[in-house]
Structures are given as structure tokens and as C-alpha cells.
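Comments concern the structure below.
The values are calculated or read from the model by the stated rules, or taken from the named source; none is laboratory data. What you are looking at is a predicted structure, and each value in this text was computed from that prediction instead of being measured. Every residue, glycine among them, receives a Cβ derived from its backbone with ideal geometry; neighbour counts consider all protein chains shown.
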Amino acid sequence: MTITIDSVTIRKDYSAQTPFDAGEPHGNREWKPDRPVRLGSYTFRLDAITFIGDGYKLDLSYKSLPENVSFFINIIDASSEPFQFDHIDGTHIDDGNTAQDTITLTTQNPPPTGNMIIQWQLSETIPEPGPWTLIWTPPANKP
């Protein structure tokens, strides 16, 4: 039996973690960590984190990403699990060279405070043109 396909898609995943101590924030407390985070061949910068009472606003900047690349960001609280925010909103500005995102994470419950981890994840899909051929010979049937 021979199976031939025109192409395959490879997915590469990258992750990183950035520690963050919010302490016991009040009002619109803002931190400017200005930290680069490298995921694969892409560098992101966490420009600012703002406590907004019912959650956090994260300001990020990076070079524009190709269509086959996507990234995600989570806040991991003291339970070592991503905190389940009730609402996630974002704005994205991309001039074709650089991009800026503002991600707003809010909750009806008390938001996480103290020591947290900002978890970064990037996924890149890479098409590999073929043809790709698999040849399989099944074992002979035993009588």
C-alpha cells in the first residue's frame, strides 16, 4: 500500500515564564518591567503591567508576526494554575513592522495578587511541501 500526500504541516511550540510580584496592589498601580522574552526566533517585550482593581492590563510590544505564528499569555497564580479570568479583551496595533498589544484580564472574583508567573506561549506552523510518500507492506495472513 502506498500513501502520498502533497505536503505536511509541522507545528513548533515555545514557552517561557516571567516571574512577577504584584504584592497587594491598590488603585491603578503600574509596573514597568521592560523585560524581553524570547520565544523561538521572536522577541516580545512586556512594557507595562497595570492593576485595574478587578484584574490586570498588560502592554506588550514585538516585531510583526507572520500569519503562521500566534502567541498566548496567561497569569499563573499561587495555585500554579493559570488564573481563570472572566473576561479577556485586547487591542492590537500593527504597522507591518512592529506590533503593540494591550491585553485586559478581568474577573468578578478577587484577582490574583502577590507572587505570580506570566506564562508566554507561541505556536508556529511550518508547511513542508512534498510529495511525501509512505509505503507499507502488511504482514502476510497466517492460515
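See the values below:
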item: Candidate set from the stretch 107-143 (those that are among the polar types (S, T, N, Q) and surrounded by 14 or more Cβ atoms within 10 Å (Cβ to Cβ)); member that is farthest from Ile5 (Cα to Cα); result: Thr113
item: Residue among Tyr56, Tyr62 that alone is part of a strand (DSSP E or B) and farther than 25 Å from Pro25 by Cα; result: Tyr62
item: Single residue of the stretch 43-59 satisfying the filter (touching a Phe, Trp or Tyr at 6+ places or on another chain (Cβ under 9 Å) and under 17 Å from Thr106 (Cβ atoms)) that is surrounded by the most Cβ atoms within 10 Å (Cβ to Cβ); result: Tyr56
item: Failed criterion for Ile75 (all others in (1) under 15 Å from the mean Cα position of the chain (by Cα); (2) surrounded by fewer than 16 Cβ atoms within 10 Å (Cβ to Cβ) hold); result: (2)
item: Odd one out for Ile93 among (1) without any contact (Cβ under 8 Å) to a residue 12 or more places away in the chain; (2) within 15 Å of Gln119 (Cα to Cα); result: (2)
item: Of all residues making up the stretch 75-108, the number that are touching a Leu at 6+ places or on another chain (Cβ under 6 Å) and either under 18 Å from Asn28 (Cβ atoms) or not in a strand (DSSP E or B) (or both); result: 2
item: Test: residue in the stretch 22-42 that is part of a strand (DSSP E or B), of a type in the set (Ser, Thr, Tyr), out of contact with any Phe, Trp or Tyr (no Cβ under 8 Å at 6 or more places or on another chain) and at pLDDT 95 or above; result: no
